[in-house]
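J.: Before I ask anything, here is the structure I am working with.
The values are calculated or read from the model by the stated rules, or taken from the named source; none is laboratory data. Not measured: the values here are computed from a predicted model. With ideal geometry, Cβ positions are generated from the backbone for all residues, glycine too; neighbour counts draw on all protein chains shown. Areas reflect the complete protein model, heavy atoms only, side chains present, ligands, DNA and RNA absent. Shrake-Rupley method; radii C 1.70, N 1.55, O 1.52, S 1.80 Å.
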Amino acid sequence: MKHLATVALMLNLGVAGVYAQQKPVNMTFSGTSAASTINLQPNTTTGEDNLAGNGTLGPFTFRDITAGTAIPQPSSTCSGPTLLHFSRVAGAGVFRFQDGSLLKVHLTQGDDCIDLAAQQSHCTWTFQITGGTGRFKNASGNLTLTEIVVPVLADAFGNPVFFASTGEFTGTVSGVAGGEGQDGQ
């Protein structure tokens with residue numbers, strides 16, 4: 001009976017250890033971005049991304065809705081005669097993985113540096129993981145999105161309205177149950 005109790009305790013501690021481990025995350029993506037009709041905050045513009053990719057946690061899709069400042073903001077990392085800086089001030093997103101598990105994230109900070117001469121934007125956004133479903137039920141951690149966005153389509157006034165996006169998510173996640181990933185874990 002002592003042996004059985006010892007084995008049960010070891011299994012229980014082993015499972016707890018798996019949930020407590022921080023796992024480095026690196027996932028690449030591509031997809032599209034466009035304006036959204038949703039109004040997250042006054043005096044902001046809202047955008048929506050639809051992305052798909054693969055990486056440490058396995059193949060995924062990602063959709064987010066974020067609000068950014070409507071007027072360019074000063075920035076020490078984004079300055080120059082043809083550069084504009086906008087801050088992301090609110091938003092959230094959901095990753096969906098092939099096994100049906102969802103990973104929820106909440107925007108904590110974001111910067112968009114638009115280079116008018118190069119006709120592209122460099123974006124860096126930070127997300128806090130707020131749990132999920134399936135293997136991500138108890139997940140926590142932080143992910144950083146870095147992307148390059150280029151215009152694909154303009155409206156009747158010549159303003160870009162639809163964009164192609166490429167980039168990656170990096171960071172760490174804890175509390176993930178075993179499951180699929182690019183490395184089979």
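J.: Go through the stretch 132-173 and give me each residue that's under 18 Å from A92 (Cα atoms) and either at pLDDT below 95 or among the aromatic types (F, W, Y) (or both).
T.: If the condition is that a residue be under 18 Å from A92 (Cα atoms) and either at pLDDT below 95 or among the aromatic types (F, W, Y) (or both), then F136, F169 are the ones that fit.
J.: Shifting gears a bit: Looking at the stretch 153-173, is at least one residue charged (D, E, K, R) and open to solvent by 50 Å² or more (accessible area, probe 1.4 Å)? So that I can check it myself, show each step before the final result.
T.: Taking the stretch 153-173 and keeping what is charged (D, E, K, R), we get 155, 168.
From what's left, open to solvent by 50 Å² or more (accessible area, probe 1.4 Å): 155, 168.
Yes, the stretch 153-173 contains at least one residue that is charged (D, E, K, R) and open to solvent by 50 Å² or more (accessible area, probe 1.4 Å).
J.: Continuing with this model, one more query. Looking at the stretch 73-84, which of its residues are assigned to a loop (DSSP other than H, G, I, E, B) and either out of contact with any His (no Cβ under 7 Å at 6 or more places or on another chain) or free of Cβ contacts under 8 Å to residues at least 24 places away in the same chain (or both)?
T.: Q73, P74, S76, T77, S79, G80, P81, T82
J.: Take G31 and decide whether it is modelled with pLDDT of 95 or more and part of a strand (DSSP E or B). Step through it out loud before you land on a result.
T.: Details: modelled with pLDDT of 95 or more: yes; part of a strand (DSSP E or B): yes.
Criteria met by G31.
J.: Just for strands (runs of 3 or more DSSP E) wholly inside the stretch 88-185: which have at least 3 residues that are within 14 Å of L57 (Cβ to Cβ), in contact (Cβ under 8 Å) with a residue 12 or more places away in the chain and touching a helix residue (DSSP H, G or I) at 6+ places or on another chain (Cβ under 9 Å)?
T.: Working: elements: 102-115, 120-132, 140-154, 160-174.
Those strands (runs of 3 or more DSSP E) span 102-115.
J.: Here's another thing I want to ask about it. Closer than 15 Å to D49 by Cβ, open to solvent by 70 Å² or more (accessible area, probe 1.4 Å) and of a type in the set (S, T, N, Q), is that true of T108? Before the answer, list the steps.
T.: On the way: closer than 15 Å to D49 by Cβ: no; open to solvent by 70 Å² or more (accessible area, probe 1.4 Å): yes; of a type in the set (S, T, N, Q): yes.
No.
J.: Considering only residues of the stretch 45-62 that are among the hydroxyl-bearing types (S, T, Y) and either open to solvent by 30 Å² or more (accessible area, probe 1.4 Å) or in contact with a helix residue (DSSP H, G or I) (Cβ under 7 Å, 6 or more places away or on another chain) (or both), which is farthest from Q22 (Cα to Cα)? It would help to see each step written out before you state the result.
T.: From the stretch 45-62, those among the hydroxyl-bearing types (S, T, Y) are 45-46, 56, 61; that's our starting set.
Cutting the leftovers down to either open to solvent by 30 Å² or more (accessible area, probe 1.4 Å) or in contact with a helix residue (DSSP H, G or I) (Cβ under 7 Å, 6 or more places away or on another chain) (or both) gives us 45, 61.
On the way: T45: 35, T61: 22 Å.
In this case the residue turns out to be T45.
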